Protein chains: 2
Amino acid sequence: MDLAYISIIVGSVAILIVFLLIYLVMKEDEGTDRMKEIAGFIREGAKAFLKREFTTIGVFIVILAIVLWLLLQWRVALSFVIGSISSLVAAYIGMSIAVRANVRTANKARTNSHKAVVVAFRGGAVTGISIVGLSLLGIGVLFIVFGNDPTVLVGYGFGASLSALFAQIGGGIYTKAADVGADLVGKVENKIPEDDPRNPAAIADQVGDNVGDCAGRGADLFESFSDNIIATMILGLVFIPVYGYNALIFPLLIEAVGIIGSVIGVFFVRATKGKTSTNVYMSFMVAGLISLAGFFAISFWLMKDIRLFYTLGLGLVLTLVVSMLVNYYTITGGRVTKEIAKSSQSGSALNIIIGLAYGLESPVIPLIVVAGVSVASFFIMGGGMLGVFGVAASTMGVLASTGIIMSSDTFGPIADNAEGIATMSGINEEVGSALEELDGVGNVTKAITKGYAMSTCILTSIVILFAFLTQAAELKGIDASNLSNLVVNIANPIGIAAIFIGATMPFLFSALIIKAVGRASFKMADEVRRQFKEDPGILKGETKADYSRCVGISTTNALKEMIVPTLIGIFTPIIMGFLVGVWYLAAYLVAVKVVSGILAMFMFNAGGAWDNAKKYIELGNFGGKGTDTHDAAIIGDTVGDPLKDTAGPSLHILIKLQNILSITLLPLFIKFAFF
Amino acid sequence: MDLAYISIIVGSVAILIVFLLIYLVMKEDEGTDRMKEIAGFIREGAKAFLKREFTTIGVFIVILAIVLWLLLQWRVALSFVIGSISSLVAAYIGMSIAVRANVRTANKARTNSHKAVVVAFRGGAVTGISIVGLSLLGIGVLFIVFGNDPTVLVGYGFGASLSALFAQIGGGIYTKAADVGADLVGKVENKIPEDDPRNPAAIADQVGDNVGDCAGRGADLFESFSDNIIATMILGLVFIPVYGYNALIFPLLIEAVGIIGSVIGVFFVRATKGKTSTNVYMSFMVAGLISLAGFFAISFWLMKDIRLFYTLGLGLVLTLVVSMLVNYYTITGGRVTKEIAKSSQSGSALNIIIGLAYGLESPVIPLIVVAGVSVASFFIMGGGMLGVFGVAASTMGVLASTGIIMSSDTFGPIADNAEGIATMSGINEEVGSALEELDGVGNVTKAITKGYAMSTCILTSIVILFAFLTQAAELKGIDASNLSNLVVNIANPIGIAAIFIGATMPFLFSALIIKAVGRASFKMADEVRRQFKEDPGILKGETKADYSRCVGISTTNALKEMIVPTLIGIFTPIIMGFLVGVWYLAAYLVAVKVVSGILAMFMFNAGGAWDNAKKYIELGNFGGKGTDTHDAAIIGDTVGDPLKDTAGPSLHILIKLQNILSITLLPLFIKFAFF
């Protein structure tokens, strides 16, 4: 049998598992009428947003598909359409269940805290498993249908990237406009608590958790997962003389193993006695061990090269180290958040200064570790082009856990939503300590999933770069199997200029996104203030706030503001490609990925540290809630919001998008570029 | 006559002019006893700090001189000592006069506002002219003494860079610890105005203006000026076949012309009727035109290559564009500061978010313009290695105006100090509108000098890089006159790793510096709070604040905290050089310079925008002083302080230091590196 069919089988089984998980979540009860009502608002808001967002994205998909068809070939265009749609479908399935799991989790928390965790985790697993399942299935089918030619799959990767960028920017602006707007007027000006039903922006804030954190991150990982498989398959073309046909299907099999591990892992989160967070750890362990066993089998028996196993394992080490560092910089009550909390005693300025400083410092060690792991993988495989394949293998080792990691990541917004619904429907007292259980699990998973997203993003971007370089060489008739034939020389003014321009891109991109959030949240704050002013009954809890207007503001602005950054993300590499040619385009791409990677990590960690410094104060330290110190910390948290939840994640996608797009358009660059 | 002697003659004349300027400043009257007393405090504080700072730096100079002597040769070691000492002497002269010109400016302002501007500008010119004069004199003498071998001059450049880094980090931490500490407790907590004599940190704040802004920036430009001449002379070695001996002395002559222009320009700032800011513009124009005429003469008659004149002129265009953009992002009442001020209405969080966004956006066009100018200069000279010489020439075109620009830059802190002294000695009413005249001129010069510092820093760093590459080639026996022989290939995991590590350095470096400021200002705030609490008479103006303790805190902390970042700045390129060899070290250096350049620009402009958004509100917009909007804007301004005045400027120096150090140690890297 053609081993490529395994990807189709595993992908299909994963989809079936998703249906099972959906059934398991949906059979739970939704709780009181008030809970149903609140959950209904959130569901409607999310659905309405996604519908309008997908329509906008759809227009772009159609236009670009036609362009790709005319300029390249129909197979690339078809892959592109399937890639974009798969990404959107995965996001849609995940979110549809997330907005149903939230209220069920809240209801379960009234009776059994352990079971509440399980409901939330399974809700998250719908996203996690459908992402990896759909991705592997789509790629596997296209690979076989198109006669084992991975180069036409770049369209699939580009489609996934494009959908991801739109989803992340749109969702990210939505969620933070709502969050910041709600906080500015609610928490800061009127001192009402988070998720208070009197706040007109409260529902928009809840919707945001779903469309931003959940759908956005899902699209990000769908992209990483797909792009990485495709890039490694393209790289694999160079290694057919070494590994035969296996060089091409190696990534499919590795990720199939990863999916099997993830699916089994998900079911290890059960409502047993003891701490549920231990259960979550267990599920990671199980998934990891199954993957490792699979890696060994594939490396040893199929590829007959045990060195691949070492590099695959090295990827897991990297994830661990980065997660530990994220932990160091952001965990509540750690050294860093304590110092930020302490400096809040001297006001918000010092809170922000210290947070910025730690944020700036935080990418240093992770990036050096990434560099170290790459170089180590390179040398384990004996250097040269095979060394580059080692780097790709270590990346696949990391990505194999996408399913289980994404499950626990989506757990976060579901649990947050459950808390919000509990607060808004007045059952807070009832659930009490159960929410702490959810929070505990959330804290465990947060650092891990963030560290994970960072590592995969940077590693994937390196792999795609080499796929780009080997393809460029092939198309130019250069023998790509010799690494020293690939030359990106930056020792001249044009090379330096390409690096300069690439390095500015992430700054421009984040600036536009942060400004968009700023503008939208300014409007949101105005609306909340207007409602409070025009109807003083709202703040007294006597009349109902008008949630739908706030939902409308987030929706409209997110859709309006997501277009320009996306277009800039698409057109810059195209302009560069035609202007400076493929080799200097590579220099540009290196600059984009390095600077984006650092900037994103800075934003994630600074934002996380401010958030948890505030939480640390809320635990009663340095005076606790309601003090000036707490107010100062809230400012820092708010500043961090658009950084960590909008600009940072969008940068992750930008890197991959620009690179995979460059591969897609390679034939055109080579034909028409100046150099 | 050997034309190199012209540099010695012009340098010596410049020093004589400095004495004349000192005489002109010192003959003015110091004013009332209270003014003398305040000025005395500032002078003593500054002197005490510089003394201790220079002692610390001296220790490092001695150690490093011995190391250079043992590992390389005595001539490099001697150049190093002379370079470091020249830089310190220039800074010392400039600062000694700045702390005397301040009170004389304040006193003059009581009678004649135009004349006050002249006193401040001439005080600034002492710094400006002594920097360029000493630099050219030192380089000229060493060049002749060492038998026309520019390669041993790298020691001079390294010495200048080392002193600059210490002076900038130390001075920068000093000034911002005082400023932030004073603001946090004075302005924010107790609502007393800026420069209020009741604030115990007020004197430390004034001292800081001198040791940070004045001595620090002076050392920065001394470094740029020297490094650029030396690097271009080293590059010139390659062009002896083309231009003969003139290739080596070309940079000396260009800068000699620049100094002549600057000296004449300085005396165009006179107390005439009409706006004095027009006078300042005039002086720039005169200096620029004299330089241009000189450029033409040198290109046409001496070098016999008119293309050099075009590239020299292109440098001036670049400065103009960058200055205009700095203006756009930071000028009070411009589009950007207005929007930041407006967003302050929704609190400090939004003020900071919008400021961050504009700051992140601000480096984009300048960097693209820098890239464009480099590429244009490259092609004007016909590409190839001669094209690289064109890039160097365009940089020299920019640096020729260092004298006049630095004069107007030092004008800033002198004018600030004059305002401070006026406020603290109670003659504020008396001087009234004269201070506005000073402010007006300050606003004109600020954007220009900042844009200037940014352009020169990035351009110089490109020139030093190519000096490094040609030297590396020479030492490896590769023909450096053919550009395609220089290959820095980043298309492999080691090249990528070098780029990754280089890109993280500026983040680490700024993080350490910002944290240092944060820590020191936290202590400062504590001390101010303590004094207010223990002696309530201080706030009522009944008892005197203890200024000396605050001065002590700034001094001690600045000296303590400047060591680690400097050592990191020195050791990272050394480690990289031995670990990855000279070509990948070049990749590392490219990443350092690009990322530092962007990060510094972000910090300068964000800080400037916050500062001027606050000033815009203080002019009465959005409610003016004392409103919540104003308070929110003060937070933003305070956050920006360590960015724009400590971390940003230090990054400028870091870039050049690492590069010139790498050239200095090239022989060792080539002998002992792994690759």
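The values are calculated or read from the model by the stated rules, or taken from the named source; none is laboratory data. Nothing here was measured: the structure is a model prediction, and the numbers come from that model. Quick reminder, even Gly has a Cβ in these numbers, built from the backbone with ideal geometry, and neighbours come from all protein chains shown.
Among residues of region B:539-563 that are closer than 14 Å to B:Arg529 by Cα and touching a residue at least 60 places away in the same chain (Cβ under 8 Å), those with a beta-carbon under 8 Å from a residue that is assigned to a helix (DSSP H, G or I) and among the β-branched types (Val, Ile, Thr) at least six positions away or on a different chain give the pairs B:Ala545/B:Ile538; B:Tyr547/B:Ile203; B:Cys550/B:Ile203; B:Cys550/B:Val528.
Please go through region B:103-117 and pick out each residue that is at pLDDT 90 or above and either aliphatic (A, V, I, L, M) or in contact with a Pro (Cβ under 8 Å, 6 or more places away or on another chain) (or both). B:Val103, B:Ala106, listed by residue number. Considered as a group, the residues in region B:492-524 that are within 30 Å of A:Ser481 (Cβ to Cβ) and more than 7 Å from chain A (Cβ to nearest Cβ) include one that is farthest from the chain's Cα centre (by Cα), and that residue is B:Gly495. Against the numbered list (1) more than 30 Å from A:Leu643 (Cα to Cα); (2) β-branched (Val, Ile, Thr); (3) at pLDDT 95 or above, A:Ile478 comes up short only at (3). Kindly check whether there is at least one residue in region A:421-440 that is in contact with a Ser or Thr (Cβ under 6 Å, 6 or more places away or on another chain), at negative phi and among the β-branched types (Val, Ile, Thr). No. For region A:334-348, a residue qualifies if it is facing another protein chain (nearest Cβ under 10 Å) and surrounded by fewer than 24 Cβ atoms within 10 Å (Cβ to Cβ), and the qualifying residues are A:Glu339, A:Lys342, A:Gln345.
On the basis of being within 14 Å of another protein chain (Cβ to nearest Cβ) and over 17 Å from the mean Cα position of the chain (by Cα), does A:Ala647 make the cut?
Numbers: within 14 Å of another protein chain (Cβ to nearest Cβ): yes; over 17 Å from the mean Cα position of the chain (by Cα): no.
Here the answer is no, as A:Ala647 does not meet what is asked.
Of all residue pairs spaced 6 or more apart or on separate chains, none has beta-carbon atoms under 8 Å together with a first member in region B:96-115 that is at positive phi and of a type in the set (Val, Ile, Thr) and a second member that is surrounded by 24 or more Cβ atoms within 10 Å (Cβ to Cβ) and not in a helix (DSSP H, G or I).
Counting only residues that are within 12 Å of chain B (Cβ to nearest Cβ) and in contact with an Asp or Glu (Cβ under 6 Å, 6 or more places away or on another chain), region A:437-491 holds 2 of them. The criterion of at least 3 residues that are surrounded by fewer than 24 Cβ atoms within 10 Å (Cβ to Cβ) and either more than 18 Å from the chain's Cα centre (by Cα) or at pLDDT below 90 (or both) is met, among helices (runs of 4 or more DSSP H) falling completely within region B:199-297, by B:240-243, B:246-266, B:276-297. Here is the figure for region A:349-391: residues that are more than 7 Å from chain B (Cβ to nearest Cβ) and not in a helix (DSSP H, G or I) total 4. All told, A:Ser343 meets the bar of being at pLDDT 90 or above and in a helix (DSSP H, G or I).
Anything in region A:508-520 that is in contact (Cβ under 8 Å) with a residue 24 or more places away in the chain, closer than 15 Å to A:Lys644 by Cα and surrounded by fewer than 24 Cβ atoms within 10 Å (Cβ to Cβ)? List them, or say none. So that I can check it myself, show each step before the final result.
We begin by selecting, within region A:508-520, every residue in contact (Cβ under 8 Å) with a residue 24 or more places away in the chain; these are A:508-510, A:512-514, A:516-520.
Filter again for closer than 15 Å to A:Lys644 by Cα, leaving A:509-510, A:512-514, A:516-518.
Once the filter is applied, which keeps residues that are in contact (Cβ under 8 Å) with a residue 24 or more places away in the chain, closer than 15 Å to A:Lys644 by Cα and surrounded by fewer than 24 Cβ atoms within 10 Å (Cβ to Cβ), region A:508-520 yields only A:Leu512.
For A:Leu318, the conditions (1) part of a helix (DSSP H, G or I); (2) out of contact with any helix residue (DSSP H, G or I) (no Cβ under 7 Å at 6 or more places or on another chain); (3) at pLDDT below 90 all hold with the exception of (2). The selection criterion, being in a helix (DSSP H, G or I), surrounded by 21 or more Cβ atoms within 10 Å (Cβ to Cβ) and away from chain A (no Cβ under 11 Å), holds for B:Val326.
Specify which of the listed residues (B:Ile458, B:Ile496, B:Ile464) is assigned to a helix (DSSP H, G or I), surrounded by 22 or more Cβ atoms within 10 Å (Cβ to Cβ) and free of Cβ contacts under 8 Å to residues at least 60 places away in the same chain. Spell out the reasoning first.
Numbers: B:Ile458 fails: free of Cβ contacts under 8 Å to residues at least 60 places away in the same chain; B:Ile464 fails: free of Cβ contacts under 8 Å to residues at least 60 places away in the same chain.
Of the residues listed, the single one that is assigned to a helix (DSSP H, G or I), surrounded by 22 or more Cβ atoms within 10 Å (Cβ to Cβ) and free of Cβ contacts under 8 Å to residues at least 60 places away in the same chain is B:Ile496.
Of all residues in region B:662-675, those satisfying the criterion of being assigned to a helix (DSSP H, G or I) and in contact with a Leu (Cβ under 8 Å, 6 or more places away or on another chain) are B:Ser662, B:Thr664, B:Leu666, B:Pro667, B:Leu668, B:Phe669, B:Ile670.
Yes/no per residue for (1) within 11 Å of chain A (Cβ to nearest Cβ); (2) closer than 29 Å to A:Tyr358 by Cβ:
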| site | (1), (2) |
| --- | --- |
| B:Gly569 | no, yes |
| B:Tyr588 | yes, yes |
| B:Val595 | yes, yes |
| B:Asn612 | no, yes |
| B:Leu619 | no, no |
| B:Gly623 | no, no |
| B:Asp628 | yes, yes |
| B:Thr638 | yes, yes |
| B:Ser662 | no, no |
